[in-house]
Amino acid sequence: MGKEPLWEALQKVYDPELGKSIVELKMVRGLEEEEGKVKVTLALTTLACPLRERLANDVKEALEQVEGVREVEVILTEMSPEEKKALLDSLTPEEGVAKRFNSIGKVIAVMSGKGGVGKSLVAALLATHLRRQNYRVGIMDADITGPSIPKILGVKDKPIPAPMGIIPPTSSTGIKVMSIGLFLLREEDAVIWRGPLISRAIQQFWGDVFWGELDYMVVDLPPGTADASLTVMQALPLNGVILVTSPQELVRVIVKKAMQMAKHLQVPIIGVVENMSYAICPDTGMRWELFGPSKGEEIAKELKVPLLAKIPIDPEIAKLCDEGRVEEYHLEEFEVIAARIQELVPEVTPRFFVSIGDFSEGD
Ligand code: ADP
């Protein structure tokens, strides 16, 4: 059989992100056929592309439709930096440009059952400790209505719009930061956005921000396990979630919510972090469980995940958060998490939802 019908079939396969035919985008690098067995090689802008399985499947399906084809093998390779650049130059900058050139390893979201338990603190500490172990780290503040990440990391620079996408500012240790807070004129300005706008902002944070190459992206979710955080989670290809609790929370309620969420989204819970677990008495050095015995263990046990850390109530934390110097805080448990993160974060194929629905207000 000739190759012409095969090329015709490939012509009809569109790159879901670039919206153009893969033939036109010069992504097809090899096409062989022998007795109905087809072998096709595709060069992607990045092998970390979250849609690569989908693209490979589309190619396979298109070729299998061609008469005489019995078997299709799709081989995925990556474009060289020069080829990527040539592709970029051939496209007029438009929405979603950055996404094609970003290569983001694992995406870890930090969630809490309710507001004010220290979710942003945990997100910032996780990013900080990963960065200390030399990982390339970004933090996306998806807590749109109460963005506190820039403040606690002391990031004041505005993001820069560039042809490659919006360039995020970096913290003092080199964590890339994106937050709606960076676009507000005054820190205390409230963001009163309805659901669709929040969804749009998150899509832009993912697709229009030039993150470059990251090993880890930490996402600070909106508080609560209800609609707002679910909507954000659906918009991002998450690998896992860390659940932040405090000793005041009702175990039964938080466990139920977390389980429902994980089931609904099929995103694994990596572990639990209990904040404000205890305080150290400055005179005696004794641990004092202000809110009663820790519930973290119980929650972790119910969820069948590890209790990753217990964070004390520490005036030093409050001070460093206020002064934008949270990166100076050391917590041994977080060092352990950062060292073990590879094994903690499961190898899931993250789902990616391009369109996001509306959600009702409030948690
Ligand atoms: P959330 O994101 O859950 O709303 P944050 O992480 O923003 O909560 O925490 C709010 C503030 O509470 C922080 O800026 C910090 O000042 C204070 N805080 C949180 N956890 C602690 C702690 N363990 N010790 C002292 N202060 C804390």
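Filter the range 162-183 down to the residues that are among the aliphatic types (A, V, I, L, M) and under 10 Å from V137 (Cα atoms), then identify the one that is nearest to the chain's Cα centre (by Cα). Selected residue: V177. If you check E82 against the conditions, is it modelled with pLDDT of 85 or more and under 30 Å from L236 (Cα atoms)? Considered against the rule, which asks whether it is modelled with pLDDT of 85 or more and under 30 Å from L236 (Cα atoms), E82 comes out as yes.
Just the residues that are within 8 Å of the ligand (Cβ to nearest atom), in contact (Cβ under 8 Å) with a residue 12 or more places away in the chain and outside any loop (DSSP other than H, G, I, E, B), please, taken from the range 285-315. Of everything in the range 285-315, just one residue is within 8 Å of the ligand (Cβ to nearest atom), in contact (Cβ under 8 Å) with a residue 12 or more places away in the chain and outside any loop (DSSP other than H, G, I, E, B), namely I313.
Taking residues in the range 99-123 that are under 17 Å from F334 (Cβ atoms) and among the β-branched types (V, I, T), and partners anywhere that are part of a loop (DSSP other than H, G, I, E, B) and within 8 Å of the ligand (Cβ to nearest atom), the pairs with Cβ atoms closer than 9 Å and at least 6 places apart or on different chains are V117/P223; V117/N275; V117/M276; V122/N275; V122/I311. Could you go through the range 264-276 and let me know if any residue there is farther than 16 Å from S246 by Cα, assigned to a helix (DSSP H, G or I) and among the hydrophobic types (A, V, I, L, M, F, W, C). So far as the range 264-276 goes, yes, one or more of its residues are farther than 16 Å from S246 by Cα, assigned to a helix (DSSP H, G or I) and among the hydrophobic types (A, V, I, L, M, F, W, C).
Residue-wise test of (1) at pLDDT below 95; (2) part of a helix (DSSP H, G or I); (3) of a type in the set (G, A, S); (4) within 16 Å of the ligand (Cβ to nearest atom).
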residue: A86; (1), (2), (3), (4): yes, yes, yes, no
residue: A109; (1), (2), (3), (4): yes, no, yes, yes
residue: K114; (1), (2), (3), (4): yes, no, no, yes
residue: M140; (1), (2), (3), (4): no, no, no, yes
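Contact map, the range 150-166: residues that are within 14 Å of the ligand (Cβ to nearest atom) and among the basic types (K, R) paired with residues that are outside any strand (DSSP E or B) and modelled with pLDDT under 95, Cβ distance under 9 Å, separation 6+ or inter-chain. Pairs shown: K151/G181; K151/E187.
Considering the range 166-221, and only residues there that are part of a strand (DSSP E or B) and surrounded by fewer than 18 Cβ atoms within 10 Å (Cβ to Cβ), the residue that is modelled with the highest pLDDT turns out to be T170.
The set of residues from the range 116-138 being of a type outside the set (S, T, N, Q), closer than 21 Å to A201 by Cα and within 15 Å of the ligand (Cβ to nearest atom) comprises K119, A123, A124.
With the requirement that a residue be surrounded by fewer than 19 Cβ atoms within 10 Å (Cβ to Cβ) and outside any helix (DSSP H, G or I), what does the range 116-138 give you? Reasoning before the result, please.
We begin by selecting, within the range 116-138, every residue surrounded by fewer than 19 Cβ atoms within 10 Å (Cβ to Cβ); these are 116, 132-135.
The answer is G116, Q133, N134, Y135.
The values are calculated or read from the model by the stated rules, or taken from the named source; none is laboratory data. As the structure is a prediction and not an experimental result, all values here were calculated from the model. FYI the Cβ positions are ideal-geometry reconstructions off the backbone, even for glycines, and counts take in every protein chain you see.
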